[in-house]
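Input: a single structure, listed below in structure tokens.
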Amino acid sequence: NLRNEDILLLMRQHDVLLFPSLFEGFGLVITEAMSQGTPVITTDRTVGPDLIEHGRNGWLIEAGSVKAIRDSLEYLLCNRKCIAEVGRAAMETARNGPWEVYGRELAESVLRGDNTKVSTYAGNATRY
């Protein structure tokens, strides 16, 4: 069991976070990594599509695709210079995220019994 500050330190010490989840609600680990300047490779079945613009502040891959994971890692091994730039953009995204609004809308959705996903990232309210 690691303390939160130790987890954040570990995130800062790594180039990227690979989070190939098949299903994840909000996925706090994604926003934690981004807040530390660690860009994330994640799937289209996480909060990633709400936060990440592929290639700008992280990378989105198809869920369940081993080939997509391999291709992303190979790309980063051959293009290591882009990691720092994408990490800075990820940190900026995390810093500017409307977390209070997102949390409020998520809580309201749960209270209503909604089975929809609420996204307020970048001011765009979208229901899935």
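The values are calculated or read from the model by the stated rules, or taken from the named source; none is laboratory data. Owing to the predicted nature of the structure, the values given are computational and were not obtained by experimental measurement. Ideal geometry is used to build each Cβ from the backbone, glycine not excepted, and the neighbour counts take in all protein chains shown. The accessibility values were calculated without ligands, DNA or RNA, using every heavy atom of the protein model including side chains. Shrake-Rupley method; radii C 1.70, N 1.55, O 1.52, S 1.80 Å.
Restricting the stretch 43-56 to residues that are in a loop (DSSP other than H, G, I, E, B) and open to solvent by 60 Å² or more (accessible area, probe 1.4 Å) leaves a set whose member that is nearest to L9 (Cα to Cα) is R56.
Got at least one residue in the stretch 57-68 being modelled with pLDDT of 75 or more, touching an Asp or Glu at 6+ places or on another chain (Cβ under 8 Å) and open to solvent by 80 Å² or more (accessible area, probe 1.4 Å)? The answer is yes; a qualifying residue exists. Considering the stretch 90-117, and only residues there that are among the aliphatic types (A, V, I, L, M) and open to solvent by 60 Å² or more (accessible area, probe 1.4 Å), the residue that is modelled with the lowest pLDDT turns out to be L106.
Here is the figure for the stretch 1-26: residues that are in a helix (DSSP H, G or I) and either at pLDDT below 90 or of a type outside the set (A, V, I, L, M, F, W, C) (or both) total 4. What do you reckon, is V40 touching a Leu at 6+ places or on another chain (Cβ under 7 Å) and closer than 23 Å to R12 by Cβ? Considered against the rule, which asks whether it is touching a Leu at 6+ places or on another chain (Cβ under 7 Å) and closer than 23 Å to R12 by Cβ, V40 comes out as yes.
The C-beta contact set for the stretch 19-41 (first residue of a type in the set (D, E), second residue not in a helix (DSSP H, G or I), distance under 7 angstrom, 6+ apart or interchain) comprises E24/R45; E24/T46.
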